[in-house]
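Report on the structure given below.
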Amino acid sequence: MSIEVTRDVFRLAEAFTISRGSRTEAKVLTVRVSRDGVTGWGECVPYARYDETLESVEAEIKSLPEGVTRADLAGILPAGAARNAVDCALWDLEAKQVGCRVWELAGLAAPKTEVTAYTLSLGEPEAMEASARKHAHRPLLKIKLGTPDDMPRLEAVRRGAPGSRIIVDANEGWSAKVYSELAPHLVRLGVSLVEQPLPAGDDDALIGMDRPVPVCADESCHDRASLPGLKGKYDVVNIKLDKTGGLTEALALRTAALAEGYKVMVGCMVGSSLAMAPAVLVAQGALVTDLDGPLLLAEDRDNALHYDEAGVHPSTAALWG
């Protein structure tokens, strides 16, 4: 068996800004695993927030022993981008070798189309209102916030998209004081979910705090080992394959989180349709699906995922799985 890693860059349709900075392109690693003339592939997005770089993740992947299996991966690589790309590539390889779809291999029901959020970048209120108005036809908008001065932005987006369901992502950018002051206004403006309002290391402040809007753990939740630390703080967990280390752990985390009474959100980094395809399987029946990465790109993979007014459709076998 051979493992090949390549770097790919996808231009974004416009600059994408969160509280930690801006970008104009998505830099990803593509992994191809080949055995007996059959090749499976997967994609990951190394994320600086988790001390990952293209170089470090590529080195992790290249360190894997020949003939590595999905069962081996969790004992060799930590949860993160490197394991994600290889895990998803091995799922794809196995499905192609057996001649069925990944959802069948995993014992899942046939996937259906899921309504997905569309993300509005952090910006000045006027720009965010204009963006909200442009995308007001979408049923679910996600707003990137995370500054002490977010109230005008919230008001502006609601003016621009009065009929859309709204979720908010603070990307760890608020303090407990800012969050508690904003919380009643989130209710007033019809926000249905807030992601990671406080830094992951300071989220104990959420214990005992009023949560009039469901609070979702993103940076605080990576895999099943994260769950004990979320009790009393969060209502929802955001499952991202680049955090869990692939589809295998993502499915296990979903099962465990639901069993412990959490709702599930399935999110993504900014990547191509190849990265979203396995996540669509995890998103089936989720409270929130946030797999809009390809909608933010100016270019995508061949056989890209199909998006329409119904949401994100499952991948064809020509793309993945």
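The values are calculated or read from the model by the stated rules, or taken from the named source; none is laboratory data. In this text, all values refer to a predicted model and were calculated from it rather than measured experimentally. Don't worry about glycine lacking a Cβ; one is built from the backbone with ideal geometry, like all the others, and counts go over all protein chains shown. Ligands, DNA and RNA are stripped out before the accessible areas are found, and what is left, the full protein with its side chains, is counted by its heavy atoms. Shrake-Rupley method; radii C 1.70, N 1.55, O 1.52, S 1.80 Å.
Things to note:
- 3J(HN,Hα) along the stretch 29-43, derived from phi through the Karplus expression 6.51 cos²θ - 1.76 cosθ + 1.60 where θ = phi - 60°, amounts to 10, 10, 10, 10, 10, 10, 8, 6, x, 10, 10, x, 9, x, 9 Hz, with x in place of Gly and Pro.
- Here the spin labels are modelled as points 7 Å beyond Cα on the Cα-Cβ line, and at GLU104 and ASP302 they lie 2.4 nm apart.
- Accessible area in square angstrom per residue, the chain, 1.4 angstrom probe: 40
- Table column - 3J(HN,Hα) (Hz), the stretch 4-12, Karplus curve with 6.51, -1.76, 1.60, x for Gly and Pro: 10, 10, 10, 9, 10, 10, 10, 5, 8
- Ranked order, LEU122, LEU247 - accessible area, probe 1.4 Å, largest first: LEU122, LEU247
- Length released on extending from MET151 to ASP51, taking residue separation times 0.36 nm less the Cα-Cα span: 32.9 nm
- The listed residues ILE18, ILE76, ILE207, once ranked by accessible area (1.4 Å probe) with the largest placed first, stand as ILE207, ILE76, ILE18.
- Carbon plus sulfur fraction of accessible area for the chain, probe 1.4 Å, in percent: 51
- For the chain, a simple Cβ point-charge model (Lys and Arg +1, Asp and Glu -1, everything else neutral) yields a dipole of about 640 debye relative to the Cα centre.
- Partners of LYS62 within straight-line reach, counting aspartates and glutamates whose Cα lies under 16 Å from its Cα and excluding those fewer than 8 residues away in the same chain: GLU4, GLU43, GLU52, ASP72, ASP87.
- Per-residue accessible area (protein heavy atoms, 1.4 Å probe) orders CYS100, CYS216 as CYS100, CYS216, starting from the largest.
- Size descriptors for the chain, from the alpha-carbon set: Rg then Dmax equal 19.0, 60 Å.
- Span-like helix ranges in the chain, DSSP H, alpha carbon extent 20 angstrom or more, Kyte mean at least -0.5: 81-98
- Potential extension, VAL68-ASP36 segment - 0.36 nm per residue separation minus Cα distance: 10.1 nm
- Above-threshold pairs, the threshold being 19 Å between Cα atoms, out of LYS233/LYS263; LYS27/LYS112; LYS240/LYS263; LYS144/LYS231; LYS27/LYS142: LYS27/LYS112; LYS144/LYS231; LYS27/LYS142
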